[in-house]
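The values are calculated or read from the model by the stated rules, or taken from the named source; none is laboratory data. None of the values given here were measured: they were computed from a predicted structure. Here Cβ is always computed from backbone atoms with ideal geometry, including for glycine, and neighbour counts include all displayed protein chains. With ligands, DNA and RNA removed, areas are computed over all heavy atoms of the protein, side chains included. Shrake-Rupley method; radii C 1.70, N 1.55, O 1.52, S 1.80 Å.
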Amino acid sequence: MQNSQFRHVIPATPPQPEALMPDPTSPNAVTRGAFLGAIFLMATSAIGPGFITQTATFTAKLGAAFAFAILVSVLVDFVVQLNIWRITVLTGRRAAETANAAIPGAGYLLAVLVIFGGLVFNIGNIAGTGLGLNALIGLDPKIGGALSALVAIGIFLSSRAGLLVDRLIIVLGFVMIGLTVFVALVSNPPVGEALRQSVIPATIDFAAITTIIGGTVGGYITYAGAHRLLDKGLAGEANLAAASRAALSGIAVTGVMRFVLFLAILGVVASGVTLDLSGKAANPAAQAFLAAAGDLGLRVFGLVLWAAAITSVVGAAYTSVSFFTVFRSMDDRARNIATVAFIAVSLVIYLGLGTAPAALLVFAGGFNGLILPIGLSLFIYIGFARSDLMGGHRYNRPLLILGALTCALTWYMGVKSVGTIFAFLGT
């Protein structure tokens with residue numbers, strides 16, 4: 001009898017210490033990891049080799065006034081990403097599938113534009129990895145690009161591809177920010193002047209604003225984080241608030257990196273150093289890092305450029321392939337194989353060309369300038385008129401109005417940008 005009573009007492013004793021430890025496989029831990037992966041996928045996709053070169057070029061031309069263009073790009077990013085992420089989570093469908101459900105055929109158009117633009121930009125991303133390793137360790141750019149592409153392919157061939165993608169982009173995202181902060185501190189930029197001109201610029205350069213917005217919000221970048229959330233199974237109104245916080249966090253990470261990189265280069269320009277912007281071989285960002293911290297600065301630049309490029313290779317391939325599903329259903333294994341093929345095709349073209357031709361990249365930029373307003377228009381329409389696709393949810397009206405105004409701005413910039421690009425290609 002006593003033994004029986006004793007057995008009943010045991011379950012009432014306090015739990016053992018290990019039982020109090022958080023379970024890394026618990027729903028909360030998995031959700032946090034998914035949101036962190038989506039945040040950095042969006043942020044690192046927005047900070048590629050093209051963005052680094054554009055920032056150096058426009059900072060050399062405009063000085064502190066370029067801060068205004070960066071601020072505008074962050075504000076546009078805020079409106080675009082918040083609307084895209086929220087509506088994607090509410091519909092529980094990828095962008096092209098949502099577009100097809102709203103307007104039959106629209107999803108196919110969006111998918112073709114994103115996939116083509118992603119392929120062309122991935123050639124530039126692979127070129128960026130080669131240039132990064134060349135600056136870092138003196139490796140031939142072609143060999144460096146090929147090795148980096150093989151690293152990306154190896155990730156998607158792994159049975160734990162999703163986990164590797166998340167960890168790679170998170171770690172390299174922090175590396176990029178940390179190293180760029182170091183160079184910014186060394187270059188000693190005029191922070192007060194940069195802050196002042198971010199709201200009261202001495203010069204407003206429309207071309208700079210258009211280029212930065214197209215290169216950091218347009219194309220596949222807009223959908224990278226949102227599609228990552230869906231692949232983690234995070235959809236529906238229950239995840240709306242968390243998705244909004246994740247989108248805002250991603251925009252904050254991107255904004256910090258943009259301003260820190262700008263400040264690092266501004267410090268060099270403000271000190272009187274003239275960056276060479278002439279010729280196809282000009283590399284103003286490398287010049288700025290070299291002037292700021294000598295040979296160490298050049299090595300830091302190489303690592304930052306490689307990190308930005310390899311994460312963009314992964315982000316462009318992953319997001320572009322996520323649009324394939326509008327044409328045919330694909331499981332995770334099929335998508336990973338398609339992603340490997342996408343990177344391999346990009347690599348073969350890069351090796352055949354030897355570099356990313358300026359005309360090809362400019363043409364891709366024109367596509368980027370159009371993809372953003374086309375996709376955003378579809379999502380704004382869904383927000384206003386297709387609550388049935390969002391489970392009956394009445395979407396936030398003030399956010400939709402901001403989205404509509406931003407959409408009109410991106411249409412204007414996109415059309416103007418494309419006209420300029422085709423004029424350039426015709427010369």
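On full extension, the segment bounded by SER329 and ILE103 gains 79.4 nm, given 0.36 nm per residue less the C-alpha separation. Rounded to whole numbers, the Karplus 3J(HN,Hα) couplings from phi for the stretch 299-313 are 5, 4, 4, x, 5, 4, 5, 5, 4, 5, 6, 5, 5, 6, 4 Hz, using 6.51 cos²θ - 1.76 cosθ + 1.60 with θ = phi - 60°, and x at Gly and Pro.
Hey, what's the stretch 212-337 come to in accessible area per residue, 1.4 Å probe, Å²?
Working: 4300 Å² over 126 residues.
Accessible surface, normalised per residue, equals 34 Å².
Each label was represented as a point 7 Å from its Cα along the Cα-to-Cβ direction; for ARG167 and ALA252 these points are 2.6 nm apart.
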